[in-house]
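First up is the structure itself, then whatever we jot down about it.
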Amino acid sequence: NIKAGDKVLVQGTGGVSIFAIQIASALGAEVIVTSSSDEKLEKAKELGASKVINYKTHPDWEKEVQKLTNGKGVEHIVEVVGGSSIAKSIEALAFQVHIYVVGFLENMEAEVNLFSLLAKQARIQGINVGHHRAFED
Ligand SMILES: NC(=O)c1ccc[n+]([C@@H]2O[C@H](COP(=O)([O-])OP(=O)(O)OC[C@H]3O[C@@H](n4cnc5c(N)ncnc54)[C@H](OP(=O)(O)O)[C@@H]3O)[C@@H](O)[C@H]2O)c1
């Protein structure tokens, strides 16, 4: 349900994330990408990312996301890191929006601060690979 003008956070520059950058930017969303590499972040911009954060030089990347969105947060997060990243993702969110859990590169277990979750009225949704018709839709 991404619409033009929505802000989408994509984590890292793996296969899932590169696809997410391309489809979200094609839908007119403003895409923020994190990576450990400035070189990869430049490539991400070529593929449609509008803003980038190096998560090695900015371990508190959720605060950078809030700065880049003037304190509003993002409407969608494509979560591939999992583990300790989930708590940070909640902090990077706008109100009443989604984290989509696609993978867990760091850890399958995550500790979530339930106060942050309810303060943001956030939703965390698991997502699996879909089929061709869904992609065409
Ligand atoms: N739900 C599904 O149907 C589905 C489908 C496909 C994949 N998956 C899962 O989705 C996840 C991603 O898959 P993928 O194929 O895109 O993986 P991948 O190509 O191996 O992605 C690896 C990249 O993720 C980034 N990364 C790793 N650890 C990170 C961390 N701590 N913080 C931020 N970024 C980090 C790094 O980006 P940089 O090098 O830029 O730092 C790394 O290059 C995996 O867990 C996979 O099992 C799920």
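The values are calculated or read from the model by the stated rules, or taken from the named source; none is laboratory data. All values reported here derive from a predicted model rather than from experimental measurement. Glycine gets a Cβ as well: all are built from the backbone with ideal geometry, and neighbour counts include every protein chain shown. What goes into the accessible areas is simple: the full protein's heavy atoms, side chains included, and nothing from ligands, DNA or RNA. Shrake-Rupley method; radii C 1.70, N 1.55, O 1.52, S 1.80 Å.
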>> Order 98-110, 122-134, 16-28 from most to least packed using the mean count of other Cβ atoms within 10 Å.
In response: 16-28, 98-110, 122-134
> Once amide H atoms are placed 1.01 Å from N in the peptide plane, what residues at a sequence separation of 5 or more from L105, or on another chain, have their amide H within under 5 Å of its amide H?
Replying inline: V81, G82
> Along each of its three principal axes, how wide is the spread of alpha-carbon positions in the chain, in whole angstrom units, largest first?
Replying inline: 37, 35, 28
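For the range 7-136, report the accessible area per residue in Å² (1.4 Å probe, heavy atoms, rounded to an integer).
Working: 7370 Å² over 130 residues.
Per-residue value: 57 Å².
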